[in-house]
Amino acid sequence: MKRCYGRWTAIGCLVSSLAMAAPGETNVQDIVVSATRIATPLQEVASSVTVIDRQILEDHQSETVADMLRTAIPGLDINQAGGPAGSGSVYLRGSKTEQVLVLLDGVEINDPITPGRAFEWALLSVADIEQIEVLRGPQSTLYGSDAIGGVINIVTRKGSGEPQVTLMAEGGSYGSFTESADVRGGTDKVNYSAGIRHLETDGISAADEDAGNTEKDGYENTTLSSQLGWTPTSDHSLDLMVRYTDVSMEYDDFYSGVPVDANSVGDTKNLLARAQFGLKTFDEQWNQKIGFSWVDYDRNDDTEISKSVFNSQSHQIDWQNDLTWVDWNTLTFGADYQEESGESTYESDLWTETFNQKSARMTGVYLQDVIKPVPAFQTALGVRFDDHNQAGSEVTYRVAPLVTLAGSGTRLKGSVGTGFKAPSLFQLYSIYGSRQLEPETSLGWDAGVEQDLVDGRMTLGVTYFENSWKNMIDYDYATFSYANIAEASARGVENFVVFRPTQHLDVRTAYTYTDTKNETSGESLLRRPRNKAGVDVTYSGIPSLRLNAGLQYVGVRKDQDFATWPASQVNLDDYTLLNLAAAYDLTKHWEIFGRVNNVFDTEYQEVLGYGTMGLAAYGGVRTTF
């Protein structure tokens, strides 16, 4: 059966969009969980969400999730400070990277000990990942703090059918090698999946080579993942997930306002675990899920003059109830409790700074009602109350209506909602912190239209969005501490193109126009391009062969130049990248594959002063038995 790629709900300047299948074939709709916490066909979701499924992941052959997020995704920008080992940031519709909640199989994996409680994207490989959902706009009503700008939900693979073992090996430019081994299978009672993936590369100089930096900064990532599911009866289920990541990296330091070569190394160990119990009662009219999550981070950084140690933990209990007494109404309500703690130590020849272990607790309750009184109209209404033991309480709401015009294939969709983000442990309790900090808040709305043509095999869409953030936490140089002093806004248009002219050719495009503003200074927000576009083409018309080409354009962005005093804003040049990939089935059990990244060997910077990868080629082999 042919695949039907996910619909790329968008906000931005209008670009037409098509998706065509061969006559007589049936489209396979993507299923989205993140938008309403209920498994829902993508065409029945009013929120702006993009789905990256397993086939897209395999076609691109990306090694890390950060690389995959660089593809044709509306409203998303990502940058890393110097190759795969560099610190990464993700911006959704102009929001800060720490305002994006990252979930992996229901586990919140943002690191509590980072200054803004952001997730470090250098840690996450594509090992055992089945699907990535990018949900844009304020989502605090269902997910609480950190979802003020959106949610990136990552779902790993589950086993089914006869036991299957997959082995893979790949090598290529920059002294890169990747090896993986996976086993999965299942019955109607039990499913299982386990794997290991190891990636290492000599890398590039994190500090840009054009500035005279030549020392390569290597990167090594080992990820072990496992899933176990047990369904003793049709009404009871138990799912267990454990994922362990060990990342070692070299990086450069920042002296006199510019990055320079240095013998700095870092090591991060991350352990995630979740147990979830499911119960269905009253003929599946009342479904419950109770989950227990545990996250642990241990990070060590050593430079030529200092040593730092960071440790953090997060534990969460969540309970979700879905009531469907009638076909046209699903009521979801639940509660969650999270406790996090962290500590760090910095030592150098000049001074020692210790952040003694501190903790924070947050309790939330939420209610959502998905109503579909008539086939042409449905809406999701939600409200949530959160209480942070230090920063106080917050109420958020969200409304997301969808109108489907019968017989026309037209969907009018939109949403309006609020979000909040509690201050981090560092912002509250460090020597630069303040216990008087209040949560950041946001208001966001979007409105768009999607059009299906040719019996649903052709789709086009465009969406307009606006977001505003108030009470934002920033460093106040007047008081030498964090304070609620910043405000910002973003508005723009996203659109998508999905085109299938033949059974064997898929074309996906996305374009986003984003206008951001620091309401205090009046300047644009840093590292957010005003214009960004992507095109992705996959061809499978030759037996046993799949070809993929991805073209990315990133427009001019602002960045901060700290080599001057006071620091001044400069423009980072726009750039275009072309990546190619191919995979060929030698036999039923053997496959060879390869890719070429940055075909034009484009020189560019995602962060001022930091280097990026040039022309690179990789090839490998995979066997399944």
Practice prompt. Restrict the check to region 355-366 and report whether at least one residue is crowded, with 17+ Cβ neighbours inside 10 Å, touching a Pro at 6+ places or on another chain (Cβ under 9 Å) and not in a strand (DSSP E or B).
Written response: no
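Mind listing whichever residues of region 390-421 are part of a loop (DSSP other than H, G, I, E, B) and touching a helix residue (DSSP H, G or I) at 6+ places or on another chain (Cβ under 8 Å)? Quick ask: steps written out before the conclusion?
Start the filter on region 390-421 by keeping residues that are part of a loop (DSSP other than H, G, I, E, B), which leaves 390-391, 406-409.
Correct list: Gln390, Ala391.
Tell me whether region 425-436 contains one or more residues that are assigned to a strand (DSSP E or B), farther than 22 Å from Tyr511 by Cα and in contact with a Ser or Thr (Cβ under 9 Å, 6 or more places away or on another chain).
Looking only at region 425-436, we keep the residues that are assigned to a strand (DSSP E or B), and these are none.
Taking every residue of region 425-436 in turn, none turns out to be assigned to a strand (DSSP E or B), farther than 22 Å from Tyr511 by Cα and in contact with a Ser or Thr (Cβ under 9 Å, 6 or more places away or on another chain).
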Notebook entry, point to check: Quick check, is Gly419 more than 29 Å from Val383 (Cα to Cα) and touching a residue at least 12 places away in the same chain (Cβ under 8 Å)?
Noted result: no
Checked region 269-300 for anything of a type in the set (D, E, K, R) and more than 30 Å from Asp327 (Cα to Cα); matches are Lys269, Arg274, Asp296, Asp298, Arg299
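Residue by residue through region 517-558, note down the ones that are of a type in the set (Asp, Glu) and surrounded by fewer than 18 Cβ atoms within 10 Å (Cβ to Cβ).
At the first step, the residues of region 517-558 found to be of a type in the set (Asp, Glu) are 519, 523, 536.
Scanning region 517-558 gives Glu519, Glu523.
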From the option list Thr330, Thr233, Thr281, single residue qualifying as out of contact with any helix residue (DSSP H, G or I) (no Cβ under 6 Å at 6 or more places or on another chain), in contact (Cβ under 8 Å) with a residue 60 or more places away in the chain and not acidic (Asp, Glu) is Thr330
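In region 340-357, which residues are touching an Asp or Glu at 6+ places or on another chain (Cβ under 9 Å) and of a type in the set (Phe, Trp, Tyr)?
Going through region 340-357, the residues touching an Asp or Glu at 6+ places or on another chain (Cβ under 9 Å) turn out to be 342, 344-347, 353-357.
Passing the criteria: Tyr346, Phe355.
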Result of the Cβ filter at 9 Å on region 562-588, keeping first residues that are outside any strand (DSSP E or B) and partners that are exposed (fewer than 11 other Cβ atoms within 10 Å of the Cβ) and at pLDDT 95 or above, at least 6 apart or interchain, is none
Check on Ser544, of a type outside the set (Lys, Arg), under 26 Å from Gly456 (Cβ atoms) and touching an Asp or Glu at 6+ places or on another chain (Cβ under 9 Å): no
TODO: Restrict the check to region 401-413 and report whether at least one residue is among the polar types (S, T, N, Q), closer than 23 Å to Ala35 by Cβ and crowded, with 17+ Cβ neighbours inside 10 Å.
DONE: yes
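The values are calculated or read from the model by the stated rules, or taken from the named source; none is laboratory data. All values derive from a computational prediction rather than experimental measurement. Neighbour counts run over all protein chains shown; Cβ positions are idealised from the backbone, glycine included.
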